[in-house]
Amino acid sequence: MSAGRLSKRAAPVGVRAHWFILLAVLFALAVALAVQGYMHHLAGISDDSVPATGTASAVPNAVSQGGPVVDSRGGTVRTVRPPDRTVALTFDDGPDPAWTPQILDVLRKHHVHATFFVVGSAAIDNPDLVRRIAAEGHEIGLHTLTHADLGAAPAWRRQLEVQGAQDAIVGITGRAASLLRPPYSSENVAVTNGAWSAMQASAEEGYLTVLSTVDSQDWRRPGVAAIERNVTLSGPQGQVVLMHDGGDDREQTVAALDSALKRFADQGYRVTTVGDAIGIDGTRQASTAEQVSGTAFVWGIRLSDVVITAISWALVAAGIVTLIRAILVVGIAAHHSRGARRMQADSRGRRRLDVPVRPRITEPVSVIVPAYNEAAGIEAAVRSIVASTHPVEIIVVDDGSADGTADIVEGLGLPGVLVIRKENGGKPSALNAGLGAASHDLVVMVDGDTVFEPDTVQALVQPFADPRVGAISGNTKVANRGGILGAWQHIEYVVGFNLDRRLFDVAECMPTVPGAIGAFRRDALLRVGGVSDDTLAEDTDLTMSLCRDGWRVVYQDDARAWTEAPASLGALWRQRYRWCYGTLQAMWKHRGAVLQGGAAGKLGRRGLGYLLFLQVLLPLFAPVVDVFAVYGLIFLDPFRIAALWLVFLVVQFLMAAYAFRLDNEPLRPLWTLPLQQFVYRQLMYLVVIQSVVTALAGVHLRWHRMERYGSLRVPPARQGQA
């Protein structure tokens, strides 16, 4: 695929589908997070024998004074208990990978079976244990999906808890359970109105409710001897014994179970399952539809586990990368700033004895101004360049303007200004026309919506004293920074663009000399064929071509240019969409630099790698981070999430404050930084997503010309310093 192919196909309707895909992905992620939050954080296994509180006025006497197995199906209440000398042994809150196997071993040792009331979420986490329980002849009952209190839950949650647990069991074993034990239940006399309502609702779905008559209270972990005393039986009456194989440390339960089973055998009690004790089959073969539903449910939960685990690790990685980037960028910016100060001192004659002084660049410069319908700001732009302290010739290339741009420039009657009129052919063609008319070996390119300070050109061209330097990026400043949108863009220019440029300069992998202010060697431009129109980011494409041709590209922070930034979200979207899309085109066009050596290899492996990971992949992942943050606020510790966000914001603020200090900017606009995280950041992420999809789809993107506001003024000197 070539860069050209990225922009030749036209499918304006089809590209809209990616927003639907994005929403679908975010919705699926939100569902996965909601499932995870519900399964693992909204409820949880805790002390199962904590008695419920509430009145029991609606509970029938047949229940409160009856047997532990309650059948209210069909509206008729019936209860039953195991026959004499029969113990229905039950375990709640499992399966647990540590304790359930040990309990199964003890049961096998004594050749007895029991009923395991499993929690659906624990069953999904430990499916092999559930299958072992069934394979060894034990009975499986339901203990809800997340160990929720059914008596206090609304109807929709009761339904979800019971059906979810059933789906989990069916999906794992292929059999459906007919026995249900509500969490936090105990004996019949403890049934409250809420619990009775839940029991009736479950009965309508075909379930029998199993309470208990003997509570081992092992959940208290009172010691092996105490548990043994709690399960000591007297008399021949049949019992339902409650113990636990999950929910906490069950070492005492395992030890007490072994001795209790010996005693039951010695006393002549038959130990068995609930179903066997009352003469029913506690499970049945699930129907095909139930198996399909159960399997889908289990795999859906597992998939959500995998997704959330992957996202969690990705978030950790993203956080580490972001922190490393902040440290790296600030550290390198400090190094770059010290180097720049040394060079400035050298240029003023205050040099160290061991450092040779580079010659000062005084030769004239050709300044090319491509202009298309720039009537609002062209006068300020041209006048500011004419006022330069460095000798310049100015070439204004009118690219078929329909607003009298060329007439305005000619009407100024300024010396050293040449106006070239041509048919509209795009910015690259205008720049190439200016390049063909340039008289000097050093060329500065500046957009028609940009003004220079008097010493901008002089400062900009000084790095050309190094013969290895083929291009120089200046420091672009936002002129119309009033209002919150202007402040956000001002912060982005100072913190994002300029800090990155310092990094790229030191790493010798500068990917972009901005169209607003850039200086070039004329012969370097001619060697790479001038300005190409292969991409919508001609400045990035040109810079990468120069790097691949072996030239160094540097950043001159004291060469300042003032430009108009978009004043509306729509205009900002169009500008950044073009920038990002064009950058992707340029990255694809110059992908071969990754395998090259020298300056090209530095661009490919350092510059393109940085752009790919931090300006493409990380923003693509950003919506997931935002959704995950909402998940954390709802299901995790909101204070911890807020603290993490605050730490992130503090790091951003400190980095921004340092960048503003380097650029001699007042810190006042940084009050908008927290708000920037909620609106501006998301807008930039959506721009990246839109651009990536557009590029991959090969959809043609037209040049989006920014609206001009006429806010530019000729700066008297060093405007914007603190």
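Is the stretch 300-312 home to any residue that is under 23 Å from PRO101 (Cβ atoms), at pLDDT 95 or above and either surrounded by 15 or more Cβ atoms within 10 Å (Cβ to Cβ) or out of contact with any Cys (no Cβ under 8 Å at 6 or more places or on another chain) (or both)? Looking for residues that are under 23 Å from PRO101 (Cβ atoms), at pLDDT 95 or above and either surrounded by 15 or more Cβ atoms within 10 Å (Cβ to Cβ) or out of contact with any Cys (no Cβ under 8 Å at 6 or more places or on another chain) (or both), one finds none in the stretch 300-312, hence no. Out of GLY607, GLY598, which single residue is exposed (fewer than 15 other Cβ atoms within 10 Å of the Cβ) and touching a residue at least 24 places away in the same chain (Cβ under 8 Å)? So the residue among GLY607, GLY598 that is exposed (fewer than 15 other Cβ atoms within 10 Å of the Cβ) and touching a residue at least 24 places away in the same chain (Cβ under 8 Å) is GLY598. Only residues that are touching a Gly at 6+ places or on another chain (Cβ under 6 Å) and in a loop (DSSP other than H, G, I, E, B): list them for the stretch 537-549, please. ALA537 - this is the single residue of the stretch 537-549 that is touching a Gly at 6+ places or on another chain (Cβ under 6 Å) and in a loop (DSSP other than H, G, I, E, B).
Under the condition of being free of Cβ contacts under 8 Å to residues at least 40 places away in the same chain and among the aliphatic types (A, V, I, L, M), which residue from the stretch 261-299 is surrounded by the fewest Cβ atoms within 10 Å (Cβ to Cβ)? Restricting to residues being free of Cβ contacts under 8 Å to residues at least 40 places away in the same chain and among the aliphatic types (A, V, I, L, M), the top hit is ALA289. Does PHE497 satisfy the condition of being touching a residue at least 12 places away in the same chain (Cβ under 8 Å), farther than 27 Å from PRO364 by Cα and among the aromatic types (Phe, Trp, Tyr)? So PHE497 passes the test. Among the candidates ARG157, ARG132, the residue that is basic (Lys, Arg) and under 27 Å from GLY75 (Cα atoms) is uniquely ARG157. Listed by first and then second residue, the pairs linking a residue in the stretch 672-688 that is more than 20 Å from ALA657 (Cβ to Cβ) to a residue that is part of a helix (DSSP H, G or I) and of a type in the set (D, E, K, R), with Cβ atoms under 9 Å apart and 6 or more places separating them unless they lie on different chains, are GLN682/ASP626; LEU683/ARG576; MET684/GLU492; MET684/ARG576; TYR685/ASP626; VAL687/ARG576; VAL688/ARG576. Could you check the stretch 361-395 and list, in sequence order, the residues that are without any contact (Cβ under 8 Å) to a residue 40 or more places away in the chain and either under 20 Å from VAL443 (Cα atoms) or among the basic types (Lys, Arg) (or both)? THR362, VAL382, VAL386, PRO391, ILE394 - these are the residues of the stretch 361-395 that are without any contact (Cβ under 8 Å) to a residue 40 or more places away in the chain and either under 20 Å from VAL443 (Cα atoms) or among the basic types (Lys, Arg) (or both). For the structure I just gave you, tell me whether VAL616 is in contact with a Lys or Arg (Cβ under 9 Å, 6 or more places away or on another chain), in a helix (DSSP H, G or I) and not small (Gly, Ala, Ser). When the stated conditions are applied, VAL616 does not pass them.
Of the residues GLY470, GLY474, GLY448, the single one that is in contact (Cβ under 8 Å) with a residue 60 or more places away in the chain, of a type outside the set (Asp, Glu), crowded, with 23+ Cβ neighbours inside 10 Å and not in a strand (DSSP E or B) is GLY448. Put simply, of PRO97, PRO82 the only residue that is buried (at least 20 other Cβ atoms within 10 Å of the Cβ), in contact (Cβ under 8 Å) with a residue 24 or more places away in the chain and part of a loop (DSSP other than H, G, I, E, B) is PRO82. Does the stretch 210-231 contain any residue that is touching a residue at least 40 places away in the same chain (Cβ under 8 Å) and acidic (Asp, Glu)? Taking every residue of the stretch 210-231 in turn, at least one turns out to be touching a residue at least 40 places away in the same chain (Cβ under 8 Å) and acidic (Asp, Glu). Considering the stretch 364-424, the qualifying strands (runs of 3 or more DSSP E), each wholly inside and each with 3 or more residues that are closer than 19 Å to GLU564 by Cα, run over 365-371. If we scan the stretch 518-528, do we find a residue that is of a type in the set (Asp, Glu), surrounded by 19 or more Cβ atoms within 10 Å (Cβ to Cβ) and over 14 Å from MET587 (Cβ atoms)? For the stretch 518-528, residues of a type in the set (Asp, Glu), surrounded by 19 or more Cβ atoms within 10 Å (Cβ to Cβ) and over 14 Å from MET587 (Cβ atoms): absent. Residues of the stretch 200-215 that are surrounded by fewer than 23 Cβ atoms within 10 Å (Cβ to Cβ) and of a type outside the set (Ser, Thr, Tyr): GLN200, ALA201, ALA203, GLU204, GLU205, GLY206, VAL214, ASP215.
The values are calculated or read from the model by the stated rules, or taken from the named source; none is laboratory data. The structure displayed is predicted, hence computed values, not measured ones. Cβ coordinates were reconstructed from backbone atoms using ideal geometry, including for glycine residues, and neighbour counts include every protein chain displayed.
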